[in-house]
Every structure is written in C-alpha cells, then in structure tokens.
1. Is at least one residue of the stretch 74-88 basic (Lys, Arg), at pLDDT 85 or above and in a helix (DSSP H, G or I)?
2. (1) open to solvent by 100 Å² or more (accessible area, probe 1.4 Å); (2) modelled with pLDDT under 90: which one isn't true of residue 100, the others all being true?
3. Using the structure shown, decide if residue 106 is surrounded by 10 or more Cβ atoms within 10 Å (Cβ to Cβ) and under 15 Å from the mean Cα position of the chain (by Cα).
Amino acid sequence: HTEDSSEIQELTKYKPHVLLTQENTQIKELQHENKELWLSLEEHQYALELIMGRYRKQMLQLMMAKKELDTKPMLSLHQDHAKEVQSQVERICEMGQVMRRAVQVDDQHYCSVQERLAQLEDPARCS
C-alpha cells in the first residue's frame, strides 16, 4: 500500500507539470490562431478599403458625368442666349451708326436749306 501511495505521490508531482505543459501548448495554439485571425482581419480590411476606393472613384466619375449631362443643356442655352444678345448688340450698334449718319445728312441738309433761305431773303446776296 505504501508503494501505491508513493506512486500516486510521484504522479501527483508530475501532474501539475503535465497540466502546465498542456495549458502552455493550448495558449500557444490560441495565440497562433489569434495571430492568424488578426492577419485575416487585416487582409479583409485591406480588401474592403480597395473595394471602397474603387466604389468612391466610380461614384465620383458617375457624378461628374451626370453633372456634365445636367450642365450641358444649360450651358448650351446660356451660350445661345449670349450669341443672341451679342447679335442684338451688333444690330443696335449698326442702327446707331445709321442714325448718326442720318443726323449728319439731316444737319447738312438743314444748313443748306438755311443758306438757301438766307439767300432768298436777301436778294442782294444772290446776285
């Protein structure tokens, strides 16, 4: 019986060491698994950032294209309006030049009529 007891004591001596070794192995396995999970998470985050970057780029391109589509008719309308205003300004300038010329001709005619009237009123000047 004492032999059994001594064997049990010997086994109990080694039992904590075996348990510690087993726990240490489990801890190392968990640490390794944890490291793999972190690497996997980092890879997923990188992939997600890449996907979101492309998504943002495409959305920006889409918005810019939509903006161009939205602004093209308005830009065209404004350009047409500007051309029309320019055309009207040119016509007004031409009309102004015609009016100035008409005033000059009218002034010249008025002066010649006044001279003729003066000559008619003073018969001595005519001869």
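The values are calculated or read from the model by the stated rules, or taken from the named source; none is laboratory data. Predicted model only: the values in this text are computed from it and were never measured. Neighbour counts are summed over all protein chains in view; Cβ atoms, including those assigned to glycine, are modelled from backbone coordinates with ideal geometry. Remember, those area values only see protein heavy atoms, side chains included, never the ligands or the DNA or RNA. Shrake-Rupley method; radii C 1.70, N 1.55, O 1.52, S 1.80 Å.
1. Among the residues of the stretch 74-88, at least one is basic (Lys, Arg), at pLDDT 85 or above and in a helix (DSSP H, G or I), which makes the answer yes.
2. Here residue 100 clears every test but (2).
3. No, not satisfied.
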